[in-house]
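Below is one structure, written out as structure tokens; the observations come after it.
The values are calculated or read from the model by the stated rules, or taken from the named source; none is laboratory data. Predicted model only: the values in this text are computed from it and were never measured. Here the Cβ positions follow ideal geometry from the backbone for every residue, glycine too, while neighbour counts run over all protein chains shown. Side chains are part of the model used for accessible areas, which takes the heavy atoms of the whole protein and leaves out ligands, DNA and RNA. Shrake-Rupley method; radii C 1.70, N 1.55, O 1.52, S 1.80 Å.
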Amino acid sequence: MGRQFFGTDGVRGRANSAPMTAEMALRIGAAAGRYFRRDNSRAHRVVIGKDTRLSGYMFENALTAGLTSTGMNVLLLGPVPTPAVGLLTPSMRADLGVMISASHNPAEDNGIKFFGPDGFKLSDEAEEEIERLVLEGVEPAQAPNIGRAKHIYDGRFRYNERLKTTLPHGMRLDGIKVVIDCANGAAYRTAPEVLWELGADVIPLGVDPNGTNINAKCGSTHPEAAAAAVVAHGADLGICLDGDADRVILIDETGAVADGDQIMALLAARWAAEDRLKGGALVATVMSNLGLEHFLEGRGLRLERTKVGDRYVVERMRAGGFNLGGEQSGHIVMTDYATTGDGLMAALQVVAEMVRSGRPASELAKQFERVPQVLKNVRYAAGSTPLEAASVQAAIAAGEGRLEGNGRLVIRKSGTEPLIRVMAESTDAVLMEGVVDNIVAAVEAAG
């Protein structure tokens with residue numbers, strides 16, 4: 001059976017609209033509980049974290065009801081970053097971790113992400129089996145075996161301590177002025193706390209969540225406010241997280257923006273110099289810039305590409321024994337420290353290099369010249385399949401022919417929104433724009 005509810009990162013959609021309804025969350029919770037509660041000889045537990053969306057209360061309660069109905073004991077972490085759930089699931093000996101978040105999406109959306117007992121996101125096969133159980137229904141536990149729910153109040157602090165241990169022993173950030181934009185999301189307490197405890201002079205933005213302002217003109221998808229604050233305060237660095245803090249975009253002291261590709265280039269080069277880049281390779285997706293690939297090749301390193309989604313990056317990392325990977329959008333995965341993308345952890349690695357080298361962010365955060373790239377998103381109607389249209393396929397084939405030998409083309413359906421993403425790279429900007437515009441027009445006409 002194919003995947004009906006799960007996208008590239010769990011289940012996601014507009015709150016109170018299918019599939020993101022309270023009823024569906026209850027059914028998903030029951031299905032996940034039944035899938036992971038295979039051994040009746042012991043107690044089973046699940047940890048649940050969430051970001052700051054208003055609908056998080058609804059989904060937290062619905063998931064708890066579904067999970068406890070199958071005998072799972074639920075540990076409620078409250079608002080914590082997604083990587084905290086990945087960390088605390090194995091730490092607390094849980095069978096399952098759940099994060100309620102739609103990441104960088106607007107406040108009206110929400111989502112459900114699952115982590116296995118090892119702290120890594122579930123495989124496609126596991127998600128498909130949970131979908132089957134959702135559709136078929138599951139038998140609830142007998143009344144004496146219903147699970148319990150309990151609030152865990154120190155989960156954030158456990159995660160904070162883990163973050164600090166990723167810096168070299170004894171390193172402090174005294175004298176470093178940092179603007180931290182938490183997107184009014186899950187890290188609104190964690191990120192300023194950790195930076196302050198490490199000695200940085202902290203200027204916090206996006207730390208006043210009200211349930212409806214997550215990612216609203218702030219955070220990694222809107223770094224303009226942080227860039228302005230860096231310049232106004234004379235800060236050394238700006239750190240922009242997204243709603244669940246699993247991705248990061250950096251701002252150097254001049255206000256210039258550095259994406260995930262530049263961060264990965266810096267870390268890969270540094271780790272290779274220290275002989276700790278496993279496999280001599282970095283894992284990234286098809287969306288990463290050609291400039292990153294050329295940068296790595298110039299240092300005798302490889303770029304291993306995957307399809308879009310940090311889950312697929314991690315799968316390739318684990319299969320190949322690599323320890324560094326990520327996405328251009330700012331998911332940076334360091335499996336020596338974490339099981340999934342961690343925005344603040346990645347930013348701390350960059351700050352540590354600033355301290356170690358004495359070099360400013362403007363030097364460290366621009367490791368290579370980007371090959372010109374254009375990305376356009378085309379929204380399509382629910383139920384339509386524009387990429388299957390003959391006219392769209394013909395436009396894509398024509399574009400690939402025009403770019404052959406002078407660039408590349410990536411067309412994909414978003415796994416989190418009803419969008420077709422059309423991306424091209426080429427040193428010929430006019431050619432590149434023309435190719436993308438032709439494909440966008442064909443998708444719009446078909447969708």
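Checked against the criterion of being farther than 16 Å from residue 31 by Cβ and in contact with a strand residue (DSSP E or B) (Cβ under 7 Å, 6 or more places away or on another chain), the stretch 133-143 contains not a single residue that satisfies it. With respect to residue 212, is the statement that it is touching a residue at least 60 places away in the same chain (Cβ under 8 Å), under 20 Å from residue 109 (Cα atoms), part of a loop (DSSP other than H, G, I, E, B) and β-branched (Val, Ile, Thr) true? Here the answer is yes, as residue 212 does meet what is asked. Of all the listed residues (191, 186), the sole one being under 18 Å from residue 86 (Cα atoms), assigned to a helix (DSSP H, G or I), in contact with a strand residue (DSSP E or B) (Cβ under 9 Å, 6 or more places away or on another chain) and in contact (Cβ under 8 Å) with a residue 60 or more places away in the chain is 191. Among the residues of the stretch 397-447, those identified as charged (D, E, K, R) and out of contact with any helix residue (DSSP H, G or I) (no Cβ under 9 Å at 6 or more places or on another chain) are 404, 417, 421, 433, 437.
Okay, residues lined up against (1) farther than 21 Å from residue 308 by Cα; (2) assigned to a strand (DSSP E or B); (3) open to solvent by less than 60 Å² (accessible area, probe 1.4 Å); (4) not aromatic (Phe, Trp, Tyr):
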position	(1), (2), (3), (4)
382	yes, no, no, yes
393	no, no, no, yes
396	no, no, yes, yes
402	yes, no, no, yes
433	yes, no, no, yes
439	no, no, yes, yes
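Scoring residue 207 on the criteria (1) touching a residue at least 60 places away in the same chain (Cβ under 8 Å); (2) part of a loop (DSSP other than H, G, I, E, B); (3) open to solvent by 10 Å² or more (accessible area, probe 1.4 Å); (4) among the β-branched types (Val, Ile, Thr) leaves a single failure, condition (1).
Name every residue in the stretch 345-360 that is of a type in the set (Gly, Ala, Ser), farther than 14 Å from residue 265 by Cβ and outside any loop (DSSP other than H, G, I, E, B), in order of residue number. Within the stretch 345-360, 347, 352, 357 meet the criteria.
Within the stretch 194-204, being among the charged types (D, E, K, R) and either touching a strand residue (DSSP E or B) at 6+ places or on another chain (Cβ under 9 Å) or in contact (Cβ under 8 Å) with a residue 40 or more places away in the chain (or both) holds for one residue alone: 201. With respect to residue 163, determine if the residue is surrounded by 12 or more Cβ atoms within 10 Å (Cβ to Cβ) and closer than 29 Å to residue 7 by Cβ. It is true that residue 163 is surrounded by 12 or more Cβ atoms within 10 Å (Cβ to Cβ) and closer than 29 Å to residue 7 by Cβ. Criterion applied to 18, 30 was being over 11 Å from residue 110 (Cβ atoms) and free of Cβ contacts under 8 Å to residues at least 60 places away in the same chain, and the one residue passing it is 18. Name every residue in the stretch 178-221 that is touching a Phe, Trp or Tyr at 6+ places or on another chain (Cβ under 8 Å), within 21 Å of residue 255 (Cβ to Cβ) and β-branched (Val, Ile, Thr), in order of residue number. Of everything in the stretch 178-221, those that are touching a Phe, Trp or Tyr at 6+ places or on another chain (Cβ under 8 Å), within 21 Å of residue 255 (Cβ to Cβ) and β-branched (Val, Ile, Thr) turn out to be 202, 207. I'd like the residue in the stretch 353-375 that is closer than 29 Å to residue 427 by Cβ and among the acidic types (Asp, Glu) and, out of all such residues, is surrounded by the most Cβ atoms within 10 Å (Cβ to Cβ). So, considering only residues that are closer than 29 Å to residue 427 by Cβ and among the acidic types (Asp, Glu), the one surrounded by the most Cβ atoms within 10 Å (Cβ to Cβ) is 363. Take residue 425 and decide whether it is surrounded by 18 or more Cβ atoms within 10 Å (Cβ to Cβ), touching a residue at least 40 places away in the same chain (Cβ under 8 Å) and among the charged types (D, E, K, R). Against the criterion (surrounded by 18 or more Cβ atoms within 10 Å (Cβ to Cβ), touching a residue at least 40 places away in the same chain (Cβ under 8 Å) and among the charged types (D, E, K, R)), residue 425 qualifies. Here residue 225 meets the list (1) on the phi < 0 side of the Ramachandran plot; (2) in a loop (DSSP other than H, G, I, E, B) almost entirely, failing just condition (2). A residue that is within 23 Å of residue 293 (Cβ to Cβ), crowded, with 19+ Cβ neighbours inside 10 Å and in contact with a Pro (Cβ under 7 Å, 6 or more places away or on another chain) cannot be found anywhere in the stretch 253-276.
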